[in-house]
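**Q** One structure, as structure tokens, below. Some questions next.
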Amino acid sequence: GPHDLWISMSGTSMGSPFVAGVAGLMHAVQPKLTAAQIEGIIQRTARPLPGGSFKWINSAGFGRIDPEECIREAARINERKDLT
């Protein structure tokens, strides 16, 4: 309504800043991550939408990003020193 402080929005215009923020947090815990590694972690840790599967679908990609798990995995890579 006209007096609501917040509105709900969706789509790639709303998702892109969220993904960029998660990627930035991942990069903060492991600065040597490449774009491909960040993409792989985001895809690998995504959770399917309710009733969905882990399979790619055009309307939802791999599902919902799990920011906490993305950051944890980036930190684990840092601990393992997998990067050169």
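The values are calculated or read from the model by the stated rules, or taken from the named source; none is laboratory data. Note that the structure is predicted; figures quoted are calculated from it, not measured. Virtual Cβ from ideal backbone geometry, glycine too; neighbours counted across all protein chains shown. The accessibility values were calculated without ligands, DNA or RNA, using every heavy atom of the protein model including side chains. Shrake-Rupley method; radii C 1.70, N 1.55, O 1.52, S 1.80 Å.
**Q** Can we say GLY40 is surrounded by fewer than 13 Cβ atoms within 10 Å (Cβ to Cβ) and without any contact (Cβ under 8 Å) to a residue 40 or more places away in the chain?
**A** On the way: surrounded by fewer than 13 Cβ atoms within 10 Å (Cβ to Cβ): no; without any contact (Cβ under 8 Å) to a residue 40 or more places away in the chain: yes.
Criteria not met by GLY40.
**Q** When you scan region 1-37, how many residues do you find that are in contact (Cβ under 8 Å) with a residue 24 or more places away in the chain and of a type in the set (Val, Ile, Thr)?
**A** 3
**Q** Can you tell me which of (1) surrounded by fewer than 10 Cβ atoms within 10 Å (Cβ to Cβ); (2) at pLDDT 85 or above is the one GLY51 doesn't meet?
**A** GLY51 satisfies every listed condition except (2).
**Q** Looking at (1) of a type outside the set (Lys, Arg); (2) at pLDDT below 80; (3) part of a loop (DSSP other than H, G, I, E, B), can you tell me which one GLU79 breaks?
**A** (3)
**Q** Looking at this structure, is SER53 among the polar types (S, T, N, Q) and not in a helix (DSSP H, G or I)?
**A** Numbers: among the polar types (S, T, N, Q): yes; not in a helix (DSSP H, G or I): yes.
So SER53 fits the description; yes.
**Q** Return the residues of region 5-37 that are open to solvent by 100 Å² or more (accessible area, probe 1.4 Å) and not β-branched (Val, Ile, Thr); say none if nothing qualifies.
**A** LEU5, TRP6, SER8, MET9, SER10, PHE18, LYS32
**Q** Looking only at region 17-57, how many residues end up being touching a strand residue (DSSP E or B) at 6+ places or on another chain (Cβ under 9 Å) and over 17 Å from GLU73 (Cβ atoms)? Spell out the reasoning first.
**A** Kept after step one, since they are touching a strand residue (DSSP E or B) at 6+ places or on another chain (Cβ under 9 Å), are these residues of region 17-57: 43, 46-49, 54.
Keeping just the survivors that are over 17 Å from GLU73 (Cβ atoms) gives 48-49.
Final tally of qualifying residues: 2.
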